[in-house]
There are 2 protein chains.
Amino acid sequence: MLVIVCYDVNTETREGRRRLRRVAKICEGIGQRVQKSVFECQIDRAQFESLERRLVDEIKVEEDNLRLYRIAELKGYEVREHGHFRATNFNAPLVL
Amino acid sequence: MLVIVCYDVNTETREGRRRLRRVAKICEGIGQRVQKSVFECQIDRAQFESLERRLVDEIKVEEDNLRLYRIAELKGYEVREHGHFRATNFNAPLVL
């Protein structure tokens, strides 16, 4: 199945920027980065549950937002991309 | 059908920040904001084509990235949300 992971992490504080790096690192370990804060992961149910748990452990629910879209059928969606994804220094504070 | 719109707009320039505002405004007119740069739109095929065209007209393909996920069946996906979405001043430069 496909899982789309999107996150908003509040990077106003040093702690928030640390969370952002850790969330990105978890996602990089399992999926493909397609935007600054969007990843696509082709994973199975067990990996999905594990990924969700790890991300929830990292974020601060009072400040951040995490969304996981689980699409069961790979044929069940279509993606259209426009423009380039520029892989820049994601450890620096990001402006979107 | 459900359309998830995600965008990265390069806001290093004044022109880029203007594009970001315009892209957000188009999305606000048709969908629900769920993160700073993620919208969900329940629209039909004609609206989808129109939305895509309008967004492509706004972005600068050399600098920005736009992804539209079209999920044909509303039963074909599941979303899990964690944390709060904080609706702040999106006209200001955004840090994610």
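With n ≥ 4 as the cut-off for DSSP H runs, can you work out [θ] at 222 nm for the protein assembly as shown, using -39500 (n - 2.57) per run divided by the number of residues, rounded to the nearest 500?
Mean residue ellipticity at 222 nm (helix-derived): -10000 deg cm²/dmol.
Taking amide H atoms as placed 1.01 Å from N in the peptide plane, list the residues 5 or more away in sequence, or in a different chain, whose amide H sits under 5 Å from that of B:E63.
A:H84
Taking only protein heavy atoms and a 1.4 Å probe, what accessible area per residue, in Å², does chain A have with all protein chains in place?
50 Å²
Give a residue-ordered list of calculated ³J(HN,Hα) values for the stretch A:57-64 (Karplus: 6.51 cos²θ - 1.76 cosθ + 1.60, θ = phi - 60°; whole Hz; x for Gly, Pro).
5, 7, 6, 10, 4, 6, 10, 10
Hey, what did chain B get for relative contact order, percent, Cα under 8 Å, at least 6 apart? Provide the component values of the computation, followed by the final result.
Values: 111 pairs, mean separation 39.8, N = 96.
Computed value for chain B: 41 percent relative contact order.
Per residue, how big is the convex hull around the C-alpha atoms of the protein assembly as shown? Give it to me in cubic angstrom, could you?
Roughly 105 Å³ of hull volume per residue.
Calculate the mean, over all residues of peptide B:69-75, of how many other protein chain Cβ atoms lie within 10 angstrom of the residue's Cβ.
Working: counts 11, 5, 8, 5, 5, 0, 2.
Rounded to a whole number, the mean comes out at 5.
Just list whichever of A:K75/B:K36; A:K25/B:K75; B:K25/B:K60 have alpha carbons separated by over 19 Å in the model shown.
Correct reply: A:K75/B:K36; A:K25/B:K75.
Roughly how much of A:R19 is accessible, in Å² to the nearest 10, using a 1.4 Å probe?
Number for this one is 10 Å².
The values are calculated or read from the model by the stated rules, or taken from the named source; none is laboratory data. Worth saying up front: this structure is predicted, and the values here are computed from it rather than measured. Positions of Cβ are generated from backbone atoms using ideal geometry, with glycine treated the same way; all protein chains shown enter the neighbour counts. All accessible areas refer to the heavy atoms of the entire protein, side chains included, with ligands and DNA or RNA removed. Shrake-Rupley method; radii C 1.70, N 1.55, O 1.52, S 1.80 Å.
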